[in-house]
Each structure stands twice: as C-alpha cells, then as structure tokens.
1. With a point put 7 Å past each Cα toward its Cβ, work out how far ALA150 is from ASP180 in nm, to one decimal.
2. In terms of the Cα gyration tensor, with a ≥ b ≥ c the square roots of its eigenvalues, is the range 65-196 rounded because a/c is under 1.5, prolate because a/b exceeds b/c, or oblate?
3. At 7 Å along Cα-to-Cβ for each site, give me the label-to-label distance between THR131 and GLU291 in nm.
4. Please give the length that would be gained between ALA371 and LYS226 if that part of the chain were fully extended, namely 0.36 nm times their separation in residues minus their C-alpha to C-alpha distance (nm, one decimal).
5. Of all trypsin sites (Lys or Arg not before Pro) in the range 70-99, which ones are in loop regions per DSSP and have a Cβ with at most 11 other Cβ atoms within 10 Å?
6. Can you compute the modelled spin-label distance between GLU301 and HIS219, with each label point 7 Å from Cα toward Cβ, in nm?
7. Roughly how much of THR193 is accessible, in Å² to the nearest 10, using a 1.4 Å probe?
8. Have a look at PRO168, MET236, LEU128 and report the one farthest towards the positive end of the charge dipole of the range 104-241, computed about the Cα centre with Cβ charges (Lys/Arg +1, Asp/Glu -1).
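The values are calculated or read from the model by the stated rules, or taken from the named source; none is laboratory data. Just so it is clear, the structure is predicted and the values come from calculations on it, not from any experiment. Neighbour counts run over all protein chains shown; Cβ positions are idealised from the backbone, glycine included. What goes into the accessible areas is simple: the full protein's heavy atoms, side chains included, and nothing from ligands, DNA or RNA. Shrake-Rupley method; radii C 1.70, N 1.55, O 1.52, S 1.80 Å.
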Amino acid sequence: MAAVRDMRAFGIHVRKGTCGASVSTTATCGKLARFVRAPARVHSKTSARTSALRVSAKGDDFDDFVQVMQDRICKEAALADGCGKEFIVDKWDRGEGGRNGFGITRVLEGGNLLEKAAANVSIVRGNLTPTRAQAMSSRGRDVDPEGGQAYSAAALSLVFHSSSPMVPTFRADVRYFQVDGGDGWYGGGADLTPYYLDDNDARDFHNFWKAKCDEFGGHLYPAYKKWCDDYFYIDMRREHRGVGGIFFDDLMLPTAAARLEDDLLVSCEDPRGFTQAVAENLMASYLPIAEKRRGLEYSAEQRHWQLLRRGRYLEFNLLYDRGVKFGLDGGRVESIMVSGEFNLLYDRSVKFGLDGGRVESIMVSAPPLMAFDYNVVPQEGSREEYLIDVLRAPREWATPKE
C-alpha cells in the first residue's frame, strides 16, 4: 500500500478491476525504486496491424468516408490495446434533427496501451461567423471576411494518449471544408509527441510519411514536414510540441490553387486521394512504434515527467491551435478537450469542433492526467534534457534512399 500511495503522489491512480498498470517495488542501490510493470497484452488471433479490418468508403461523400475510417481506426486501436474494452460511442447533433450537422465521439479510457484515446467525427453545416470568415480570408481563401456564407465541413480527428511514458502520444486528423459557391479544400496531418525519445522511432515515423507523400509528389513531404514543425510550436516555451510529422491545409485542385496565386500553397494533383491515403495509413504509422515500446518498464519519476509534458500538449491546444479556436466559436467542449493541451490552444481540428459545436467533443482530446510543476529543469545529460534539446531544434528525420 505504501508503494501505491507513492505512485498516487506522482499522479498515478491505481484502479481495482481495470486494465491499468500494476505497481511493483524493488530495492536498488539501497533505495526503494518504484517501477510500473507494463500490463500484459490480451492476445488476439488477429494482429492490430493486419489488414483484416480493412473497410472501404462507398461513394464520393467525404462525410461517409470519415465515419467509415473512424469505425475502422477504433476497432484497430481497441484490438491493439488488448484490454478487452471497446470505445464508447456518443452520437450528437447540432439541432434541427441533425440538419445543421452531427458528430460521433468515440473514447476508450483506462486501457493497457492507451490511457485515453479519442476519435471524433464532426459533420457541420452552417454559416460562417465573422471570426471564422476573417481567419479564412486572411489565409487567401475566397471568403467574404464579413461572414454569412453557407458552408459544409467534415472532419475526423484522433488523439491517443499512451499509458506508458515510453510510448509517444499520437495525434492526427483529416478534414474537408466547402463554402457554397466556392472551391473546397482539404487538410490533415499526423504527428508524434514522445516523452522519452528514441531517434529510431522518429526516423521510422518520418520515413513512413515521406514514402506516402512521395506517392503523390516528391515535393510534398519537405513542405508538409516543415509546415508541421512550424505549426506545432509553443512560442512562449521556445520549443516544439513533439518531433512532428506532416501537416497540410487549404489543399485544393491545382486549377483552383492557381487562381489564388498564393505562393504558400503546395499543390497536389489529387488532394482528395492524398487526404484519404493519409487517413487510411494513420494506424500503420503509429502502432509499430507503440508495440515496440509498450513493454518497457518505467519509474514513477518517469511517469511524472510524462504528466509534465502533457501539460505542454494542453498549452498548445489552448493557446495556438486553430482547430480549438475555430471550435470554441460555439462548439462542444467534451469532444474538443479529448485531445488535450495542444488542441485547446493551437489545433485547427479542435477549433473547428468548438465552432457552434459541442464542448464535450471538443475537450475530449485533453490528457486524463497532467502535472504543472514550477520551473522544471531537466538534469544535465539526462534523457529528459535530450528531449528538450531536440524539441528546440527540429531535425530532418527522414533518411534519403540509397
């Protein structure tokens, strides 16, 4: 019981009858060292990385596609977690019988691999508020900055907060936005937020996405990697949220992009095909890394470091994320907060959900537990210091083909 009390002091809650981690103690160098033993995985005849869960979207409706992908991803994540739990499903609408849009929030909590995982679908119909319209107009979109234009949008976003500090947090989304009478555009991305960085994981993640981007054009990965680094930056901390990945927005057909004469746009010959390919490969980019790290033991101090870094994640969402700001313009808090700190401040998908949305669905991205200690300075030469050094100076992780 003393060990349990010690772990609780670090923000670790041991629940009876759940699939959470167990606590063990061992004597090391004359001191009591507290470790969390990685929970055993419930094995299945089907691997979480198999294609057996493959589901195809029918028709040309992106609304349908994101719902199909949400179902597939949640099944795959629950299988990989191995706890035996399924994602709870919370369906909601934006009024008038769903004519103004609807959403499906799915959440798994207290798992073996995933302490909290959320996958949120938002289908939105409405009229642009002046705030939204001005933000879009400032990015070169063909939108009246006064607002009032009718629009439709569909988005799938997910945030997986790992139980172990040795496993990174994973965030990803895909989305489509259409203003009536104008051109539509796609957005999305995937990024990794480690607590204890293994360079091989970052290389594997970036090499995976570089290969996928290269299928649609060799110019895409360098641009979207840089965009991700620039976007997920916490200016007040002078550090990036994680080791990045890819991030893209305002992606439209080259003919439409050419009309805007916007040098910031990186054109793609098949923006819809690229966006769908991103969605279809999200789990393949993350699960191998998570599986490799999930069995590693860690101390209570390392768990506390994870909680401290989660605070940075939330900071970004609240302060910088476009999705959160967009969503807060009348959105649903729970679905937004499911992803955490970064989403509240910076994430576009969170902002998107809050706009006239549902608070629960917005806040669903928030980490389940966090810590905010005063003036934390990592020990010199430690793995914690190494992480901070990397986050302050993004690297080129993808390795060139030989």
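1. For the pair ALA150/ASP180, the computed spacing is 0.2 nm.
2. prolate
3. 4.3
4. Working: separation 145, 0.36 × 145 = 52.20 nm, distance 2.96 nm.
Between ALA371 and LYS226, full extension yields 49.2 nm more.
5. In loop regions of the range 70-99 (DSSP not H, G, I, E or B), the sparsely surrounded trypsin sites (Lys or Arg not before Pro) are ARG99.
6. Output for this residue pair reads 5.1 nm.
7. Here the residue's solvent-accessible area equals roughly 10 Å².
8. The residue sitting farthest along the positive end of the dipole is LEU128.
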